[in-house]
Number of protein chains: 2
Amino acid sequence: MRAAGGVSGPPVPSNGAGELLQLLRDGRPRTRAELAKLTGLARSTVGQRVDALLATGLLGPVGEAASTGGRPPVRFAFNPQARVVVGADIGATHGHVALTDLLGRPLCEIAEPITITDGPAPVLDWLATTIERLLTQSGRDRTDLVGIGIGLPGPVEHSTGRPMQPPIMPGWDRYDVPHHLATALRLDTGFPTGSSAGSPGSATGPVPVLVDNDVNIMALGEHAAAHPHVQHLLFVKVATGIGAGIISGGRLHRGAVGAAGDLGHVAAPGHAQVLCRCGNTGCLEAVAGGPAITTSLHAHGITATSNEDIVQLVRSGSIPTAHAVRQAGRTIGEVLATCVSLLNPSVIVIGGSLAGAGESLIAGVREVVYGRSLPLATGDLQIVPATTGRQAGVIGAATMVTQHVLTADRIDHAIATQSMSHAASATA
Amino acid sequence: MRAAGGVSGPPVPSNGAGELLQLLRDGRPRTRAELAKLTGLARSTVGQRVDALLATGLLGPVGEAASTGGRPPVRFAFNPQARVVVGADIGATHGHVALTDLLGRPLCEIAEPITITDGPAPVLDWLATTIERLLTQSGRDRTDLVGIGIGLPGPVEHSTGRPMQPPIMPGWDRYDVPHHLATALRLDTGFPTGSSAGSPGSATGPVPVLVDNDVNIMALGEHAAAHPHVQHLLFVKVATGIGAGIISGGRLHRGAVGAAGDLGHVAAPGHAQVLCRCGNTGCLEAVAGGPAITTSLHAHGITATSNEDIVQLVRSGSIPTAHAVRQAGRTIGEVLATCVSLLNPSVIVIGGSLAGAGESLIAGVREVVYGRSLPLATGDLQIVPATTGRQAGVIGAATMVTQHVLTADRIDHAIATQSMSHAASATA
């Protein structure tokens with residue numbers, strides 16, 4: 001009844017197996033009897049749904065349960081190794097690609113320098129080649145791949161996978177990223193733009209290519225890896241640019257045109273005279289981003305040419321650098337105080353290449369947010385550093401895919417159309 | 001399998017009827033054949049689910065479809081008159097209560113002055129009496145009532161219905177509003193706090209009492225009545241206080257402790273010297289709320305003692321008042337520009353008692369938001385006045401109830417436990 005997003009063909013009625021798997025995605029093994037008790041479903045119904053999931057390989061038997069006598073009942077658990085996902089984090093000058101399991105845990109990774117300004121064709125061809133290399137390295141078959149997630153350093157219309165007016169990506173505006181990648185890899189993406197019937201990819205059903213901006217995928221990665229049960233989280237990337245990813249009610253809030261979280265060009269109070277590359281003045285990233293810190297250090301006779309230099313200077317004990325970073329934290333905190341009043345998150349995660357500057361940055365943020373926001377909103381608020389570091393992007397990109405392909409609807413569809421059973425028998 | 005929020009007892013397996021009703025809530029009449037085609041379900045399955053919904057009264061036969069011969073097929077449509085809902089908007093000095101249909105459309109209303117500072121008992125007793133009067137006036141039975149929604153002028157923990165540190169509501173902090181009302185009306189609310197087994201209300205199953213802050217219910221009301229298909233909307237109330245209600249992905253974003261949208265005490269740029277009643281300085285409502293406008297008019301020798309006076313002065317052509325209101329709009333716009341960058345809504349609705357001041361307020365907001373935000377986020381952004389006026393609160397409170405009780409899970413539960421069939425036969 002509910003349309004499965006991106007799946008082609010007529011709607012498939014719910015067979016209940018997909019919903020049963022949602023319950024099992026917590027990883028705990030359970031017997032048929034335990035599942036019947038937990039769901040209120042008849043034993044026979046649970047049996048049918050377990051069988052359907054076993055045929056896909058997404059569910060597997062594990063160990064034996066304690067029994068009151070007779071043949072011990074079998075426990076079943078979600079099998080995150082049943083399929084693989086690609087998570088790709090494409091930055092201005094780096095490409096980082098991981099093959100992950102269905103929990104978004106990296107199995108193998110490749111990171112290489114790329115140049116985003118080369119334009120979409122060479123970058124996406126490099127990505128396609130890298131995916132082929134990862135599949136070969138890991139010994140996984142193309143039919144094991146359930147989806148590809150990509151983060152790009154600019155605004156993206158998530159529903160089509162096209163970048164929208166990205167300021168640092170010449171040639172990419174409205175470029176059909178999923179179509180290019182699907183063609184290069186000969187995939188059936190399940191989207192009209194990436195059709196290639198009878199291709200090798202179609203044996204496992206459509207392989208969606210999902211694209212979002214880099215900060216949103218970092219937010220997804222940090223949420224999945226470090227705060228999976230938090231409903232309202234704000235991830236803030238502090239690097240050359242400044243941006244945020246919003247988790248609202250456990251889901252990414254992308255906004256009307258995918259531009260949500262664009263904090264870099266919000267007015268920073270008291271800095272109306274600073275010019276920004278966007279054409280406006282007093283923008284947060286012009287005042288508190290990496291280049292602004294570099295400029296303020298230059299006035300102290302300290303040379304830093306990159307965000308990594310700034311982090312190294314703080315770590316080596318440079319007091320003027322620690323001061324400059326803490327002041328940037330305060331300025332970011334002024335804007336985040338408004339975000340806290342508006343969104344009332346329970347966790348703010350500070351990530352990005354400048355988050356490596358230890359406590360200086362986060363102390364500045366905390367100082368202003370706790371001083372400025374209402375007690376009700378900050379009573380239980382945590383402001384913490386990111387834990388996934390450089391892996392946030394690839395984990396988040398893979399998580400974007402698993403959230404999409406492991407929905408109840410999609411699994412019901414895959415079972416009804418038997419699009420997963422071929423590969424399951426191959427890997428069983 | 002999915003737990004029905006607030007429904008007591010063991011989980012009930014999905015029977016599919018609730019999901020069929022979701023499809024029919026668009027109001028369009030459809031034949032069994034059309035429903036089978038639309039859902040991909042077997043004709044026999046559709047027939048069973050239609051019968052189950054007919055028994056509840058939520059679905060009814062309407063007219064006849066064009067036929068190719070033989071007995072013409074019957075069309076079925078959602079029947080919003082099958083039950084009634086209470087929507088209550090409680091302000092500092094007013095109480096406004098409506099009995100609505102299942103689309104949140106008011107059937108009859110009572111508005112009377114109340115005093116929130118009298119404390120919860122007298123105010124909620126007045127509300128219970130008013131609900132009894134509305135049921136009597138409209139000739140509806142107590143068993144027709146499916147839920148009560150209440151908006152209060154302060155922060156509310158929505159999951160329990162308790163106000164949280166409300167600044168203008170002495171005696172209300174953490175007061176159990178649903179329990180008081182359920183006891184006064186002898187209802188079974190379905191919540192542990194409001195249990196009264198065997199009470200008159202239990203013939204139609206639990207009657208939930210849902211509570212939220214006034215701005216959130218105004219946002220729900222304006223969204224339901226004027227922008228039902230908008231996914232991302234920001235409702236801003238401008239009155240004595242200033243606050244916002246956020247619709248994210250079509251749903252209200254309440255935040256970690258229900259404090260989301262609290263814009264009144266955000267720092268307004270450039271007003272650091274203005275003292276606010278909250279103990280901080282430069283807060284938006286201290287600079288741009290009704291009392292701040294009154295104070296600035298006083299300097300021009302103009303006397304206004306209420307927000308209504310300000311609106312009347314603007315309407316009667318007072319240029320200094322129009323200037324003061326426009327300047328308040330600009331200040332609010334500075335904060336909303338940050339909100340637009342963060343949330344990327346497609347619609348901002350300006351409501352509250354000062355929104356009646358015509359174009360002056362909204363022109364000030366537009367001037368700053370369009371000047372300050374990035375082109376991508378404002379390209380399709382509409383900034384419009386509220387259309388529901390004084391009814392926003394009662395419509396929104398009723399909408400909060402219908403969104404809760406008409407979910408697929410709740411309807412499946414009501415059908416499985418036959419809690420709706422008694423009343424259905426009584427009203428059939």
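Taken over segment A:340-360, the criterion of being in contact (Cβ under 8 Å) with a residue 60 or more places away in the chain, away from every other protein chain (no Cβ under 11 Å) and hydroxyl-bearing (Ser, Thr, Tyr) is satisfied by A:Ser353 alone.
Screening the candidates A:Ala288, A:Ala299 for the property of being touching a residue at least 40 places away in the same chain (Cβ under 8 Å) and more than 9 Å from every other protein chain (Cβ to nearest Cβ) yields one hit, A:Ala288. Please verify whether B:Gly249 is surrounded by fewer than 17 Cβ atoms within 10 Å (Cβ to Cβ) and modelled with pLDDT under 90, treating the condition exactly as stated. So B:Gly249 does not fit the description; no.
Results for (1) modelled with pLDDT under 95; (2) within 29 Å of B:Val211 (Cα to Cα); (3) surrounded by 21 or more Cβ atoms within 10 Å (Cβ to Cβ); (4) among the basic types (Lys, Arg), shown as yes or no for each residue.
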position: B:Gly329; (1), (2), (3), (4): no, no, yes, no
position: B:Pro345; (1), (2), (3), (4): no, yes, yes, no
position: B:Gly371; (1), (2), (3), (4): yes, no, no, no
position: B:Gly379; (1), (2), (3), (4): yes, no, no, no
position: B:Ile383; (1), (2), (3), (4): no, yes, yes, no
position: B:Met400; (1), (2), (3), (4): no, yes, yes, no
position: B:Asp409; (1), (2), (3), (4): yes, yes, no, no
position: B:Ala428; (1), (2), (3), (4): yes, no, no, no
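Only a single item in (1) touching a Gly at 6+ places or on another chain (Cβ under 8 Å); (2) farther than 20 Å from A:Gly290 by Cα; (3) assigned by TED's automatic domain parsing to the domain that holds A:Pro291 is not met by A:Ser373, and it is number (1).
The listed residues are A:Ala377, A:Ala337, A:Ala363, and the only one of them that is away from chain B (no Cβ under 14 Å) and aliphatic (A, V, I, L, M) turns out to be A:Ala363. Within segment B:271-285, the only residue that satisfies the criterion of being within 20 Å of A:Gly270 (Cβ to Cβ) and at the interface with chain A (Cβ under 8 Å from one of its Cβ atoms) is B:Asn280.
Looking at this structure, is B:Arg142 at negative phi, touching a strand residue (DSSP E or B) at 6+ places or on another chain (Cβ under 8 Å) and basic (Lys, Arg)?
Spelling it out, it is not the case that B:Arg142 is at negative phi, touching a strand residue (DSSP E or B) at 6+ places or on another chain (Cβ under 8 Å) and basic (Lys, Arg).
Of all the criteria given as (1) over 30 Å from the mean Cα position of the chain (by Cα); (2) within 14 Å of chain B (Cβ to nearest Cβ); (3) small (Gly, Ala, Ser), the one not satisfied by A:Ser316 is (2). Counted as qualifying within segment B:343-406 are the helices (runs of 4 or more DSSP H) with 3 or more residues that are not aliphatic (A, V, I, L, M), namely B:358-372, B:392-405. Out of B:Val266, B:Val215, B:Val238, one residue alone is in contact (Cβ under 8 Å) with a residue 60 or more places away in the chain, buried (at least 24 other Cβ atoms within 10 Å of the Cβ), more than 8 Å from chain A (Cβ to nearest Cβ) and among the aliphatic types (A, V, I, L, M). It is B:Val238. Scanning segment B:110-169 for residues that are part of a loop (DSSP other than H, G, I, E, B), under 23 Å from A:Gly379 (Cβ atoms) and not hydrophobic (A, V, I, L, M, F, W, C) yields B:Pro153, B:Gly154, B:Pro155, B:His158, B:Ser159, B:Thr160, B:Gly161, B:Gln165, B:Pro166, B:Pro167. Right, B:Gly63: outside any helix (DSSP H, G or I), at pLDDT below 90, surrounded by fewer than 21 Cβ atoms within 10 Å (Cβ to Cβ) and in contact with a Lys or Arg (Cβ under 9 Å, 6 or more places away or on another chain) or not? Yes; evaluated as a whole, the condition is true for this residue.
The values are calculated or read from the model by the stated rules, or taken from the named source; none is laboratory data. Since we're looking at a predicted model, the values are computed, not measured. Backbone-built Cβ (ideal geometry, glycine too); neighbour counts: all protein chains shown.
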